[in-house]
1. Which of the residues spanning the range 13-44 are under 23 Å from residue 163 (Cα atoms) and of a type in the set (Gly, Ala, Ser)?
2. Mind listing whichever residues of the range 49-65 are outside any strand (DSSP E or B) and crowded, with 20+ Cβ neighbours inside 10 Å?
3. May I ask you to list the residues in the range 99-126 that are within 16 Å of residue 82 (Cα to Cα) and touching a Ser or Thr at 6+ places or on another chain (Cβ under 8 Å)?
4. How many residues are β-branched (Val, Ile, Thr), in a strand (DSSP E or B) and in contact (Cβ under 8 Å) with a residue 24 or more places away in the chain when one looks only at the range 1-27?
5. Against the definition (modelled with pLDDT of 90 or more, surrounded by 12 or more Cβ atoms within 10 Å (Cβ to Cβ) and over 20 Å from residue 98 (Cβ atoms)), how does residue 154 come out, yes or no?
6. Residues being loosely packed, with under 15 Cβ neighbours inside 10 Å and either in a loop (DSSP other than H, G, I, E, B) or among the small types (Gly, Ala, Ser) (or both): count how many of those fall in the range 28-48.
7. Select, from 102, 111, 120, the only residue that is over 29 Å from residue 161 (Cα atoms), surrounded by 19 or more Cβ atoms within 10 Å (Cβ to Cβ) and not assigned by TED's automatic domain parsing to the domain that holds residue 13.
8. Would you mind stating whether residue 19 is more than 20 Å from residue 72 (Cα to Cα), surrounded by fewer than 17 Cβ atoms within 10 Å (Cβ to Cβ), at pLDDT 95 or above and out of contact with any helix residue (DSSP H, G or I) (no Cβ under 7 Å at 6 or more places or on another chain)?
Amino acid sequence: MIARLDGTVLGATGSRLVVGVGGVGLAVAVTPQQSLVAAVGSAIALHTTLIVREDDLSLYGFATQAELDAFDLLRSVSGVGPKSALGVLSHMTPDQLADAVAREDERAFKAVSGIGPKTARLIIVQLAGKLHASAPSAATPSDAGADVLVALTGLGWPERQARAALDAVGAQPDAGSLLRAALAELGPRG
């Protein structure tokens, strides 16, 4: 099983990235949002799952462990395959998914291509009680940190250096403040 990739983005198209790891370019299916923020040449770390089928090996990648866990839970629902599960996560975060299940919001799921009323209902019934939204205060700093890390690596800093700067500046009230503090810590590029 391939549980994590740390490499360099070699290409990004639609909902697929090519990640260079040890001289090999691996095609990884991702959400369109992840593909948009992945700059070619930048470092990337993805939580992954390898899905083996009779005639296909597919690698799916996610920015956070919570997204991967939500993907696996969605795939456990009858009638929801990897493409539909990725489609759901393209439309909502894991917290929004938990909220939609808790509110029994079928419309949120029917908005996803390939998910009709029966599948939407199955998702709600089969995932009830299995998903819990994070407390907003707990989710915000880690999400901001992940967003700022993507921004810093997109600006050309090596991931290790960007992480060190984020660790050095500590918690900030929002992503903008965290980015400014991290940039100040990193200093001018030269």
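The values are calculated or read from the model by the stated rules, or taken from the named source; none is laboratory data. Remember, it's a predicted structure, so these values are computed and weren't measured experimentally. Here the Cβ positions follow ideal geometry from the backbone for every residue, glycine too, while neighbour counts run over all protein chains shown.
1. Answer for the range 13-44, where residues must be under 23 Å from residue 163 (Cα atoms) and of a type in the set (Gly, Ala, Ser): 20, 22, 35, 38, 39, 41, 42, 43.
2. Hit for the range 49-65 is 63, nothing else.
3. Scanning the range 99-126 gives 109, 112, 114, 115, 119, 122.
4. 3
5. Working: modelled with pLDDT of 90 or more: no; surrounded by 12 or more Cβ atoms within 10 Å (Cβ to Cβ): yes; over 20 Å from residue 98 (Cβ atoms): yes.
Considered against the rule, which asks whether it is modelled with pLDDT of 90 or more, surrounded by 12 or more Cβ atoms within 10 Å (Cβ to Cβ) and over 20 Å from residue 98 (Cβ atoms), residue 154 comes out as no.
6. 2
7. Numbers: 102 fails: surrounded by 19 or more Cβ atoms within 10 Å (Cβ to Cβ); 111 fails: surrounded by 19 or more Cβ atoms within 10 Å (Cβ to Cβ).
Going through 102, 111, 120 in turn, just one is over 29 Å from residue 161 (Cα atoms), surrounded by 19 or more Cβ atoms within 10 Å (Cβ to Cβ) and not assigned by TED's automatic domain parsing to the domain that holds residue 13: 120.
8. No, not satisfied.
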